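The values are calculated or read from the model by the stated rules, or taken from the named source; none is laboratory data. What you see is a predicted model; the values in this text were computed from it and never measured. So basically every Cβ, Gly included, is an ideal-geometry build from the backbone, and we count neighbours across all protein chains shown. To get the accessible areas, we keep the full protein, side chains included, count just its heavy atoms, and leave off ligands, DNA and RNA. Shrake-Rupley method; radii C 1.70, N 1.55, O 1.52, S 1.80 Å.
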Amino acid sequence: MSRASDRVLKGDACAPQRSLFYALGLTEEELNRPLIGVVSAYSEIVPGHLHLDKISEAVKAGIRMAGGTPIMVPSIGVCDGIAMGHIGMKYSLASRELIADSVETMANAHGFDGLVLIPNCDKIVPGMLMGALRVNLPAVVMSGGAMLPGNDKGKDMSLSTMFEAVGAKKAGLIDQEELTYIEQNACPGCGSCSGMFTANSMNCLCEVLGIALPGNGTIPAVYSARMQLAKKAGMAIMDMVEKDIKPRDIINEQALRNGLACDMALGCSSNTVLHLLAIAKEAHVDIDLDIINEVSQKTPNLCKLAPAGPDHIVDLYRAGGVQAVMKELQKKQLIDDSLMTVTGKTIKENLAKAVNLDHKIIKDIDTPNSPTGGIAVLFGNIAPKGCVVKRSAVDPSMLVHTGRARVFDSEEDAIDAIYQGKIVKGDVVVIRYEGPKGGPGMREMLNPTSALAGMKLDKEVALITDGRFSGATRGAAIGHVSPEAAAHGPIAIIQEGDTISIDINAGKINLMIDEAEMQKRMDAWVKPEAKIKEGWLYRYARLVTSADEGAVLK
């Protein structure tokens, strides 16, 4: 069987290329084996990536044990927590496209026969997977694992606790000493932040999609089992190469529907909607927001992990992990268990020994937290193409809400008003011109939502935006409003004091004005000046599609 590496290694014409491989210190024996690209996002700026050098070495050991030649290549990665609340967050979602492009570039330029992708946080996971689907070489995702939760007087805490503590301090609910203690103890070490935030959501969903080994989503970063799994991932890619099983053979429409079902059961980050839409496009599969609602309506929510509840990823791991959640869904045929995975076995075979070890962490399918999924898509005259909310993190009292619009054209203006006490019970905070084009980059709004939660307003105030929310957000936080304001979406014509009606259960969100007034305002709209006029973000703003299409580049 011919290999992709033949174009850089075989025949007299490739003698110059071979000479460069020898310059790397590789031997003739190593060049006679499949070349496996180990794409590592290791860096010293992202806590979730700090240990990926060790994960990479374990993966490389597994590849060598199974008869391959591993070659590590790098990937960039933005730490969303560090980037939050300033211009840095504009680069976060945009970096997903750079990562996908870099995987495509490195794989095709160097003739790799297979890839092991080693991400851990937020945009890096979907970015690498998008690139792998694009080149469609045999691939395995091997994430770095979750951070353990911090502890405050016997109570677990995470990064979301830290952001909410800032709001609590502003409201006078805690003092400086308490804020400093939380600051120094919320994040105790390496790994992706410890709740069911975006990074861990995507790591879990890679496992569901079949492109990562069981355990990928939940084994903590610091456990030896994570290193053992990395070695197994290195061995698994060699099996994929030998059998010529490629990402698009694994990630098809049914696999993505499995991913959506488990997304709903786990209560994943609303960002998964953006990423699954983008992954689907690279897999050449049609998935839209209507399908997401369809799956959500019939899939119960089984887990209440932070920020929706007190439990963290380590608790899910102890309860049996993602496989135990899938086992519950399997009982009512809510997933297709016939699909192939990177284990070389079907989902059904993988689940044969899966057990739900803690029905408090993973509810039984017959006694769920709620009969519908963790994410809901809303439609209405504010969002004709849809918007997204993490329903499982919304207090029941806020599932239906009508309030006065408080309108802001940037995150900064909104957070200032919140901290100054200008937002009161019943308000609906509207933050616009923060979408993929308008931001640009569709910033996460963790600062304002955390401020509201810290001030104990998350059960009284809703927030809607054409930007998006961190997986650490809780409350009636409705994002991804499409079309966005910068694309002349109706969110652009909401005025201060307007009445907004939200019904999450019914999937509706509307501005309470008549059609004539709506059209009058739409006709009078004037496009504002671009916020960024140079550099990568300027190019991104010109090329990016709407959130309802996954905010991918044209």
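Before moving on, here are some points about what is shown:
- The range 137-157: number of residues that are of a type in the set (S, T, N, Q) and modelled with pLDDT under 95: 1
- Of all residues in the range 208-220, those that are over 14 Å from GLY344 (Cα atoms) have Cβ atoms under 7 Å from Cβ atoms of residues that are open to solvent by 10 Å² or more (accessible area, probe 1.4 Å) and in a loop (DSSP other than H, G, I, E, B), 6 or more apart or on another chain, in PRO220/LEU148.
- Considered as a group, the residues in the range 13-27 that are farther than 18 Å from PRO70 by Cα and open to solvent by 70 Å² or more (accessible area, probe 1.4 Å) include one that is nearest to the chain's Cα centre (by Cα), and that residue is PRO16.
- If the condition is being touching a residue at least 40 places away in the same chain (Cβ under 8 Å), within 12 Å of ARG406 (Cβ to Cβ) and of a type in the set (A, V, I, L, M), then the range 428-447 contributes VAL428, VAL430.
- From ALA472, ALA462, ALA476, residue being crowded, with 23+ Cβ neighbours inside 10 Å, touching a Phe, Trp or Tyr at 6+ places or on another chain (Cβ under 7 Å) and on the phi < 0 side of the Ramachandran plot: ALA472
- Those residues of the range 99-119 which are part of a helix (DSSP H, G or I) and either open to solvent by less than 10 Å² (accessible area, probe 1.4 Å) or in contact (Cβ under 8 Å) with a residue 12 or more places away in the chain (or both), in sequence order: ILE99, ALA100, ASP101, SER102, VAL103, GLU104, MET106, ALA107, ASN108, HIS110
- Matching option when the condition is assigned to a helix (DSSP H, G or I), of a type outside the set (S, T, N, Q) and buried (at least 23 other Cβ atoms within 10 Å of the Cβ), among ARG7, ARG96: ARG96
- Positions within the range 56-93 being assigned to a helix (DSSP H, G or I), within 20 Å of GLY145 (Cβ to Cβ), of a type outside the set (A, V, I, L, M, F, W, C) and touching a helix residue (DSSP H, G or I) at 6+ places or on another chain (Cβ under 7 Å), in sequence order: LYS60, GLY62, ASP80, GLY81
- Number of residues in the range 152-170 that are within 21 Å of ASP311 (Cβ to Cβ) and open to solvent by less than 50 Å² (accessible area, probe 1.4 Å) equals 10.
- Unmet requirement for GLY85, which otherwise passes all of (1) out of contact with any Asp or Glu (no Cβ under 6 Å at 6 or more places or on another chain); (2) surrounded by 20 or more Cβ atoms within 10 Å (Cβ to Cβ); (3) modelled with pLDDT of 95 or more: (3)
- Considering only residues in the range 283-328 that are β-branched (Val, Ile, Thr) and out of contact with any strand residue (DSSP E or B) (no Cβ under 9 Å at 6 or more places or on another chain), the one that is farthest from LYS360 (Cα to Cα) turns out to be VAL285.
- Selection count, the range 479-497, where residues are surrounded by 20 or more Cβ atoms within 10 Å (Cβ to Cβ) and not aliphatic (A, V, I, L, M): 7
- Which numbered condition SER43 fails, given (1) closer than 19 Å to VAL103 by Cα; (2) in a helix (DSSP H, G or I); (3) without any contact (Cβ under 8 Å) to a residue 40 or more places away in the chain: (2)
- Count of the range 519-554 residues, restricted to those that are assigned to a helix (DSSP H, G or I) and on the phi < 0 side of the Ramachandran plot, is 17.
- Subset of the range 273-302 (residues that are under 13 Å from ARG391 (Cβ atoms) and under 17 Å from the mean Cα position of the chain (by Cα)): VAL273, ILE292
- Subset tally (residues that are β-branched (Val, Ile, Thr), surrounded by fewer than 24 Cβ atoms within 10 Å (Cβ to Cβ) and assigned to a helix (DSSP H, G or I)) for the range 174-211: 2
- Unmet criterion (only one of (1) modelled with pLDDT under 95; (2) open to solvent by less than 10 Å² (accessible area, probe 1.4 Å); (3) over 30 Å from GLY421 (Cβ atoms); (4) of a type outside the set (Ser, Thr, Tyr)) for ASP122: (2)
- Near pairs, Cβ below 8 angstrom, 6+ apart or cross-chain, from the range 1-12 (within 15 Å of THR69 (Cβ to Cβ)) to any residue that is surrounded by 15 or more Cβ atoms within 10 Å (Cβ to Cβ) and among the acidic types (Asp, Glu): ARG3/ASP113; ALA4/ASP113; SER5/ASP113
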